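Structure first, commentary second.
The values are calculated or read from the model by the stated rules, or taken from the named source; none is laboratory data. The structure presented is a predicted model; accordingly, all values stated were derived computationally and were not measured. Here the Cβ is made from the backbone with ideal geometry for all residues, glycine too, and neighbour counts use every protein chain on show.
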């Protein structure tokens, strides 16, 4: 038998239940055992006005982003670690795709390796391979890509210059 809830879950206030609830203050008694409710009430009032609502904060910084950038037309397919296609397109000059932050890096396959570069940490790396070449099963991990490819000057490729200017990335010679 199913029993309806008293109210929808969206009406719950996380500040009143669970781990986000403010801790209860201890009761204070004087030397003869009389409860000092006025002191307890004033402590509660002061602590409530001194501390804003507790909100969890993320203190760890975001991992750097990896963006696949096309400077010429190229067919691109990207699969996750399980082999599921997560992106597939004929990328046009200036198109880009940001890789998701996952434990296992996605893998790239492209039909025009010379048209695909990577943008990482305000720098460009690549191209993936020679023009006209097919590249398959390339892991899109920042660490492995930085080991495999050297940084390139954006000014060496007109498509990278246009991409950098559109994204506000400084083009340094």
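Residue 104 meets all of the listed conditions (1) out of contact with any helix residue (DSSP H, G or I) (no Cβ under 8 Å at 6 or more places or on another chain); (2) in a loop (DSSP other than H, G, I, E, B); (3) under 17 Å from residue 72 (Cα atoms) but one, namely (3). None of 160, 145, 150 is modelled with pLDDT of 85 or more and either surrounded by fewer than 19 Cβ atoms within 10 Å (Cβ to Cβ) or farther than 23 Å from residue 88 by Cα (or both) except 150. For segment 8-27, taking the residues that are surrounded by 10 or more Cβ atoms within 10 Å (Cβ to Cβ) and over 29 Å from the mean Cα position of the chain (by Cα), the one that is modelled with the highest pLDDT is identified as 22. When residues of segment 115-143 are filtered for being out of contact with any helix residue (DSSP H, G or I) (no Cβ under 7 Å at 6 or more places or on another chain), within 17 Å of residue 96 (Cβ to Cβ) and in a loop (DSSP other than H, G, I, E, B), how many remain? Total meeting the criteria: 4.
Does segment 57-66 include one or more residues that are within 27 Å of residue 168 (Cβ to Cβ), under 17 Å from the mean Cα position of the chain (by Cα) and part of a strand (DSSP E or B)? Among the residues of segment 57-66, at least one is within 27 Å of residue 168 (Cβ to Cβ), under 17 Å from the mean Cα position of the chain (by Cα) and part of a strand (DSSP E or B), which makes the answer yes.
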